[in-house]
Amino acid sequence: MNYDPNKHHRRSIRLNGYDYTQAGGYFVTICVQYRACVFGEIKNGCMMFNEWGRVVHDTWVWLANQYDYVELGEFVVMPNHFHGILMIHDAPDNSQTIPKRKTLGRLVGAFKTVSTKQINQIRNTPGSKLWQRNYWEHIIRNDKEYHHIAEYILNNPLTWDQDRLYSAGNFGNHTVDSNNTGGCWGGCWGGSRTAPTDNDEFSDRNTDLIGEIPTFYGDYAWIF
């Protein structure tokens with residue numbers, strides 16, 4: 001089938017003109033295809049991983065090990081989606097070489113590709129989709145925003161039944177083995193909790209919760 005720009009165009013949901021390779025903090029949400037609950041289940045306010053959920057967790061950690069300019073903030077694997085804070089850093093002043101940084105989209109793409117490949121190996125379904133095509137992101141502008149988002153991430157399992165992505169008992173065609181868990185996880189984090197601030201004015205920008213999802217008016221877009 002030939003590409004027809006009138007039929008097959010896809011509008012970008014990224015902030016127009018923004019350099020997503022530059023140093024900064026980003027809040028990322030990625031959803032499972034069809035929002036199927038395949039990574040485990042919430043019990044008593046805790047996320048209980050199955051084998052697939054553990055792969056997702058370990059692959060996110062892998063990003064920071066693979067790319068030395070990447071630092072991870074709080075993150076959580078949920079039954080049918082993932083929330084995480086990712087920070088991109090400049091090279092140290094005394095660095096002899098300046099690494100070519102991937103964009104945020106390329107980093108998220110690497111995460112999705114590696115986790116999908118490993119999970120497809122487990123379920124013997126090569127080439128199958130795991131994640132929705134795109135992802136949601138928000139540029140973190142200051143420390144106040146960072147802590148608000150971090151609190152939301154850490155409390156996500158506690159408010160699962162109120163989440164707009166909640167899907168009770170929806171495991172699609174997959175079986176979730178609740179006995180094969182990684183323990184009780186409300187979130188994981190590491191490193192600095194201070195996000196870069198572009199300007200002081202932004203700290204007063206209106207912040208609200210829509211469907212229990214932190215929404216910051218301006219440079220954001222949901223993909224659903």
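Confirm whether Ile122 is aliphatic (A, V, I, L, M), modelled with pLDDT under 95 and surrounded by fewer than 16 Cβ atoms within 10 Å (Cβ to Cβ).
Against the criterion (aliphatic (A, V, I, L, M), modelled with pLDDT under 95 and surrounded by fewer than 16 Cβ atoms within 10 Å (Cβ to Cβ)), Ile122 does not qualify.
Out of segment 49-72, which residues are touching an Asp or Glu at 6+ places or on another chain (Cβ under 8 Å) and at pLDDT 95 or above?
Once the filter is applied, which keeps residues that are touching an Asp or Glu at 6+ places or on another chain (Cβ under 8 Å) and at pLDDT 95 or above, segment 49-72 yields Asn50, Glu51, Ala64.
Per-residue answers, yes or no, for (1) surrounded by 19 or more Cβ atoms within 10 Å (Cβ to Cβ); (2) among the β-branched types (Val, Ile, Thr); (3) in a loop (DSSP other than H, G, I, E, B):
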residue: Tyr18; (1), (2), (3): no, no, yes
residue: Thr21; (1), (2), (3): no, yes, yes
residue: Ile30; (1), (2), (3): yes, yes, no
residue: Tyr34; (1), (2), (3): no, no, no
residue: Val55; (1), (2), (3): yes, yes, no
residue: Val61; (1), (2), (3): no, yes, no
residue: Asn65; (1), (2), (3): no, no, no
residue: Glu71; (1), (2), (3): no, no, no
residue: Pro79; (1), (2), (3): yes, no, yes
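The values are calculated or read from the model by the stated rules, or taken from the named source; none is laboratory data. Keep in mind that this is a model prediction, so the values were computed, not measured. FYI the Cβ positions are ideal-geometry reconstructions off the backbone, even for glycines, and counts take in every protein chain you see.
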